[in-house]
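Q: Here you go, one structure.
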Amino acid sequence: MGISGIETNNALNSYYFSNTKRNETVNNSAKSDISDNFSESDETKKFKEIVSKYDITNISKNELDKMYQELFENKLYNPKIELVSTVYSTDAIHEPNTQPEYATVDGWTFSTDPTKKFNYLEGIKAQSDWNKENGDPNFQKFYDNNVEFVEKIRYIQLHT
């Protein structure tokens, strides 16, 4: 009985393949006739417009704050969800009335001068890597999400 079931199955497969059409060649010589009807959402356009004004591989804290503020005001970023993005705040790192030249947060050393440029993408990656080795594994998803968000920004900056 098992053999007849196999034979029936093979017969059905043979029947199916014998009754299918062969692939036909398509003439693609008129590529100019193909149109792209893809359109971006207003949200995507606004996101691209904002992040394209900055270079996250060479940005100051003041510029970074401005970019995130614009994203927040346009409802394209929520600091309550993306908690790790705000770690570049040195308020809790130094004593009142002192301003050290550099600070370190989760493996990322940066200048405390808010006008000095730095590579934000590399800093976020350094923090994520540091947390993998030394931090709380429960927070790693926040670090990973932040790296993904900042890499998205960088991709848009390079391709817009």
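Q: By counting other Cβ atoms within 10 Å of each Cβ, how are PHE72, PHE38 ranked from fewest to most?
A: PHE38, PHE72
Q: Ranked highest first by average number of other Cβ atoms within 10 Å, how do 137-145, 120-128 line up?
A: Packing proxy ranking, top to bottom: 120-128, 137-145.
Q: From the phi of every residue in region 137-147, what ³J(HN,Hα) in whole Hz does the Karplus formula 6.51 cos²θ - 1.76 cosθ + 1.60 yield, where θ is phi - 60° and glycine or proline is x?
A: Listing the rounded values in order: x, 5, 9, 4, 4, 5, 5, 4, 5, 5, 4 Hz.
Q: Would you mind checking which residues have amide H under 5 Å from PHE118's amide H? H placed 1.01 Å from N; only 5 or more apart, or other chain.
A: ILE59, SER60
Every read-out reported here was derived from the displayed coordinates using simple, explicitly stated rules and does not represent laboratory data. Note that this is a predicted model, so its numbers are computed, not measured. Cβ coordinates were reconstructed from backbone atoms using ideal geometry, including for glycine residues, and neighbour counts include every protein chain displayed.
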